[in-house]
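The values are calculated or read from the model by the stated rules, or taken from the named source; none is laboratory data. Treat the numbers as computed from the prediction; the structure is a model and nothing was measured. Reconstructed Cβ throughout: ideal geometry from the backbone, glycine too, with neighbour counts over all protein chains shown.
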Amino acid sequence: MTTSNPPTKDRSGAPILVTMTLTYVAVEDRMRLVGTGKSGDAVLLWLTQRLCNQMVRILTGFLDKLAEDRGALAKDAVLSFQQSTARQNLPSLPPVTAGPDATPVLVRGIEVRQNGKRFVVAFKIGKATCAEIAFGVPDLHRWLLALHGRYVKAEWAMQCWPEWFEGMDSKSAARITVLH
């Protein structure tokens, strides 16, 4: 996934990722996120199921709030349509790889900031931010689509996913890994 003109570093000096590959690693029972910023340096992050569940709830909650002005019934239809559009607009690109110099980091927490229809997910190790991803609404839908696909592949419990996400085709979701 490519995010729209993101800065290369956040105010803490952590890279803002613009290309990412998300994979499920069964031996670790974790998600591995390999991403690069504009500088091209790779970041390798490990995400636990608990952390991913938290991220899904927070991010889908933000999308729910953005769509609330359409009314309860229309909200789910709008969100389902946006998710479907994101699924159709996924490019087929090569995976992002981490070289031998990339240090793996176990992410301990996340912080999500919202400014209108822009979102930033900060991946934390303690109080320090090790990487960030900046999203507009379409990019956020693509991120959630890739994350959902990894849940399917991992056979993780799906309780954290909202009803408007349930129409996802499990087989095609499991193949989505690369975001630019």
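Points to keep in mind about this one:
- One residue from LEU45, LEU63 being surrounded by 20 or more Cβ atoms within 10 Å (Cβ to Cβ), within 16 Å of TRP143 (Cβ to Cβ) and modelled with pLDDT under 90: LEU63
- Listed conditions (1) at pLDDT below 55; (2) surrounded by fewer than 19 Cβ atoms within 10 Å (Cβ to Cβ); (3) within 13 Å of the chain's Cα centre (by Cα) are all met by THR3, apart from (2).
- Qualifying positions in the range 16-41 - at pLDDT below 90 and either surrounded by fewer than 19 Cβ atoms within 10 Å (Cβ to Cβ) or closer than 18 Å to GLY109 by Cα (or both): LYS38, SER39, GLY40, ASP41
- The range 136-176, subset surrounded by 18 or more Cβ atoms within 10 Å (Cβ to Cβ), at pLDDT below 90 and outside any helix (DSSP H, G or I), residue farthest from the chain's Cα centre (by Cα): MET168
- Counting the residues of the range 92-120 that are under 19 Å from ARG50 (Cβ atoms) and either modelled with pLDDT under 95 or surrounded by fewer than 20 Cβ atoms within 10 Å (Cβ to Cβ) (or both) gives 8.
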